[in-house]
Amino acid sequence: MAHDPQLDDDLVIGDCPFCGSGNVDVGMFHRCHWVRCSDCGSEGPEKEFWGDAVEAWNFPWEVIDELRADCDRLRRELDDATGVIR
């Protein structure tokens, strides 16, 4: 049996990765769930479980957060190497 992340208490629907709006909700039709933005109309991938749909919707934000952390680290390393203070 597949793990249903819907059962995780800390699962939160993130803001829209396309327009930044927090006006998002989960759609459902039969056994398909997806997250959609009411402002820009973007939709996440369809998944069988609610929690999987939320995780797929949140995934771009995880990548963005990782890239921001990498940029911050590289900026600090560059500053250290060049002696520049920002």
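Things worth noting here:
- Contact map, region 60-84: first residue within 30 Å of P45 (Cα to Cα), second residue of a type in the set (D, E, K, R), Cβ cut-off under 8 Å, separation 6 or more or different chains; pairs are W61/D15.
- The set of residues from region 43-59 being in contact with a Pro (Cβ under 9 Å, 6 or more places away or on another chain) and over 13 Å from I13 (Cβ atoms) comprises just one member, F49.
Where a number appears in this text, it was derived from the coordinates with a stated rule and is not lab data. Note that the structure is a prediction, hence the values are computed from the model and not measured. Note that we place each Cβ from the backbone using ideal geometry, even for glycine, and neighbour counts take in every protein chain shown.
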